Amino acid sequence: KNGVVIISSRELGVCRIRVPYPFQWGAPSFDAGEAFAMMMASFVALVESTGAFISVSRYASATPMPPSILSRGIGWQGVAILVSGLFGTANGSSVSVENAGLLALTRVGSRRVVQISAGFMIFFSILGKFGAVFASIPAPIIAGLYCLFFAYVGAGGLSFLQFCNLNSFRTKFILGFSVFMGLSVPQYFNEYTAINGYGPVHTGARWV
């Protein structure tokens, strides 16, 4: 009614309680090409997480993080990626940059809040019905939240330019190249896929 589609948990085919366990999808398999692709994805996640750590510290009005703290965060992220592989999530773990925007919006940067939220996520991940509630949230609502959160994330990234010498040609090249490639490469992939019906990269990866 009125263009709103309501999907029940029964239609999503979710069970009431499901406890994940390691190797639930079978024994792991190793492929050099897929391993290299995940290594590159992990490297991208490392860079993304480093920027998110610094943005969160700035939005929380905390002291600048020393390299040892950044290394510790990246190390624990590596442990999370390893655990993700053991549980067969098919993707690694990365810092959610949306949380940086949420912190800027709510001005709540307490570690206790993050710890309690993590506990809730672990507990409710076992309850399939609870996950079905989030899966039934309309996409326009999620898109609206993303527009709000990423506005703060983008502003946080641009605020780092105040520490750069914008009169330097090296800084100008890095800034211009990053903006140009960030806008042109996704557009190229979109146009290529729209015209040919498939992407320009053929990896031969196997999806289950």
Quiz item: How much net charge surrounds SER42 when only other residues with a Cβ under 14 Å from its Cβ are counted (Lys, Arg +1; Asp, Glu -1)?
Solution: -2
Quiz item: Once you sort the root eigenvalues of the Cα gyration tensor of the chain as a ≥ b ≥ c, which label holds: rounded (a/c under 1.5), prolate (a/b larger than b/c) or oblate (the other case)?
Solution: rounded
Exercise. May I ask you to derive the FRET efficiency for LEU70 and TRP25 from their Cβ-Cβ distance with R0 = 35 Å, giving the value to the nearest 0.05?
Key: 0.60
Exercise. List every DSSP H helix in the chain whose Cα atoms extend 24 Å or more along the helix's own long axis and whose mean Kyte-Doolittle hydropathy is at least 0.5.
Key: 32-59, 67-86, 139-159
Quiz item: Between TYR188 and ALA143, how many nm apart are label points set 7 Å from Cα along the C-beta direction?
Solution: 2.7 nm
Quiz item: Which whole-angstrom value gives the distance between the alpha carbon centres of the stretch 133-208 and the stretch 33-55?
Solution: 14 Å
Quiz item: Quick one: which of 39-47, 190-198 comes out on top by average Cβ neighbours within 10 Å, and what's the full order, highest first?
Solution: 39-47, 190-198
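Coordinate-derived values only; no laboratory data. Quick caveat: nothing in here was measured; it's all calculated off a predicted structure. Counting neighbours? That spans all protein chains shown, and the Cβs are built from the backbone with ideal geometry, glycine included.
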